[in-house]
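The values are calculated or read from the model by the stated rules, or taken from the named source; none is laboratory data. Quantities reported herein were computed from a predicted structural model and do not represent experimental measurements. Cβ: placed from backbone, ideal geometry, glycine included. Neighbour counts: every protein chain shown. These area figures cover heavy atoms from the full protein model, side chains too; ligands, DNA and RNA do not enter into them. Shrake-Rupley method; radii C 1.70, N 1.55, O 1.52, S 1.80 Å.
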Amino acid sequence: MKCESCGGNVLETRLDSYHFDESGLDDVTLVGVIERRCDKCNEREVVLPKLKELHRTIAKALAAKNGLLTPPEVRFLRKHLGYSQADFAERINVRPEAVSRWETGAEELSWHFELLLRAMVMLELRERNYTLKSFGEVQKKRMAAPVRIFAEKAAWRPDSTNMVTAAAC
């Protein structure tokens, strides 16, 4: 393989560890990725295949970690879910300023919102899975609701008529 910049030979090396700064997180290390380096101009490239899958794996690892999320981790998870700060705030029924403060560290993320964020990541509750625009649209009065479950071949399927999410978890 030849270097696009200078025409030198490109050598490939498998790295024992690569600090993945591009994630926006301080503590993500990739093990066994390929580095390409030109022997002439010393230009370097790290090969990161299946980037979407890598981000999903990082998100699931953060959601499952034993310890509170840091502000950059909260931001990473929100972005992984595909939400702007305003959209995420609307979905979980808080003000956008609260999300901003959580992500800058100006305010601690409360435990129940952290659990909600972790659950959203683990269950992959992205915008496309919601039948309602936000939890704010859930009726604010307590009432019994009929639950209908359909038997289908080898699985059960809930009736999604009165559900917040359409995804059967």
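Odds and ends about this structure:
- Residue, most open to solvent (accessible area, probe 1.4 Å), within the range 1-25, restricted to residues that are closer than 30 Å to Leu77 by Cβ and in contact with a strand residue (DSSP E or B) (Cβ under 7 Å, 6 or more places away or on another chain): Arg14
- Of all residues in the range 26-47, those satisfying the criterion of being in a loop (DSSP other than H, G, I, E, B), closer than 30 Å to Arg78 by Cβ and either open to solvent by 40 Å² or more (accessible area, probe 1.4 Å) or touching a Lys or Arg at 6+ places or on another chain (Cβ under 9 Å) (or both) are Asp26, Asp27, Val31, Gly32, Val33.
- Selection within the range 90-108 - open to solvent by less than 30 Å² (accessible area, probe 1.4 Å) and within 13 Å of Arg75 (Cβ to Cβ): Val99, Trp102, Glu103
- Of all the residues in the range 48-58, those that are basic (Lys, Arg) and surrounded by 11 or more Cβ atoms within 10 Å (Cβ to Cβ) number 1.
- Taken over the range 61-75, the criterion of being buried (at least 16 other Cβ atoms within 10 Å of the Cβ) and out of contact with any Ser or Thr (no Cβ under 7 Å at 6 or more places or on another chain) is satisfied by Leu62, Ala63, Leu69, Thr70, Pro72, Glu73, Val74, Arg75.
- Look at (1) under 20 Å from the mean Cα position of the chain (by Cα); (2) part of a helix (DSSP H, G or I) and you find that Lys65 fails only one, number (2).
- A Cβ distance below 8 Å, combined with a sequence gap of six or more or placement on separate chains, defines the contacts here; from the range 1-14, residues that are over 15 Å from Val47 (Cα atoms) reach residues that are open to solvent by 100 Å² or more (accessible area, probe 1.4 Å) in the pairs Cys6/Lys40; Gly7/Lys40; Gly8/Lys2; Gly8/Lys40; Asn9/Met1; Asn9/Lys2; Asn9/Lys40.
- Of the residues making up the range 76-98, those that are in a helix (DSSP H, G or I) and either touching a residue at least 24 places away in the same chain (Cβ under 8 Å) or not aliphatic (A, V, I, L, M) (or both) number 14.
- Filtering the range 90-101 to residues that are closer than 25 Å to Lys52 by Cα and at pLDDT 95 or above leaves Val99, Ser100.
- With respect to the conditions (1) open to solvent by 50 Å² or more (accessible area, probe 1.4 Å); (2) at pLDDT below 65, Val147 lacks only one, and its number is (2).
- Out of Leu132, Leu123, sole residue that is under 19 Å from the mean Cα position of the chain (by Cα) and either at pLDDT 65 or above or open to solvent by 40 Å² or more (accessible area, probe 1.4 Å) (or both): Leu123
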